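The values are calculated or read from the model by the stated rules, or taken from the named source; none is laboratory data. Keep in mind that what you see is a predicted model, and the values were worked out from it rather than measured. A quick note on method: Cβ atoms are made from the backbone with ideal geometry, for glycine too, and the neighbour counts reach across all protein chains shown. Only protein heavy atoms, including side chains, enter the accessible area calculation; ligands, DNA and RNA are left aside. Shrake-Rupley method; radii C 1.70, N 1.55, O 1.52, S 1.80 Å.
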Amino acid sequence: MRVVLGEDLVLLRDGLIRLLQAYDFDVVEAVDTGPALLKALVDHRPDVAVVDVRLPPTFTDEGLRAAIEARKQVPGLPVLVLSQYVEQLYARELLSDRGGGVGYLLKDRVSDVKQFVDAIRRVAAGGTAMDPEVISQLLTRGDRDRPLTTLTPREREVLGLMAEGRSNAAIAARMVVTEKAVGKHIANIFGKLGLPLSEDDNRRVLAVLAYLDRL
């Protein structure tokens, strides 16, 4: 699997390269600025991009902007964004472009190697990988929205796990309930939020994320 990496911190960049190579990823290019990232993404058209939000020269949102522009030029380009903090503006920017796999993880998730590698592969396959903290803040931001306030605590828990990209079976295992019970919660959630029920994991996650993005 071919990866383009955008990260300006030398130690972290080198560490990520070694980690990815250890799990059989082919890092075709690793860059440290926004302009260089955009060029690398368009030139290589990788299977997935792993991108730090803040890159030189201004250390604001060059990484994200480069990724979004690259997705315009390479439709469907899978992008996994890394950020030091939960920044809802960046999450909304990413979610607003739902053509292809997307992910938003906090950098400290990299320390959980299995979770990080799984997230990269899920995004490369066209799925989603949203950090639980991002989802939590999106849900909190929506507390004033009446449809969300109608969800039970259990339904909100299921909603958060769905938005992370988990399947019914994975949600059931996490909550220690049956898949049938999870299916009932999901049907209730979609009904209360006015979303079309779908059996496709990625489509339903994107539907939930799109709803949260409108809050």
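A run of the chain free of exposed loop cleavage sites, with trypsin sites (Lys or Arg not before Pro) counted only in DSSP states other than H, G, I, E and B and at most 16 other beta carbons within 10 Å, reaches its longest extent at 99-213.
What net charge is computed for the residues neighbouring E155, neighbours being all others with C-beta under 11 Å from the C-beta of E155, Lys and Arg scored +1, Asp and Glu -1? Neighbourhood net charge equals +3. Can you work out the FRET efficiency for the pair L12 and R174, with r the C-beta to C-beta distance and R0 = 41 Å, to the nearest 0.05? Here the calculated transfer efficiency is 0.90. Rounded to the nearest 10 degrees, the inclination of helix 132-141 to the longest alpha-carbon principal axis of the chain is 60 degrees.
Relative to the dominant Cα principal axis of the chain, helix 113-124 is inclined by about 90°. By accessible area, using a 1.4 Å probe on protein heavy atoms only, the chain has 52% of its surface on carbon and sulfur.
Looking at the chain, the accessible area is 46 square angstrom per residue; that uses a 1.4 Å probe and ignores ligands, DNA and RNA.
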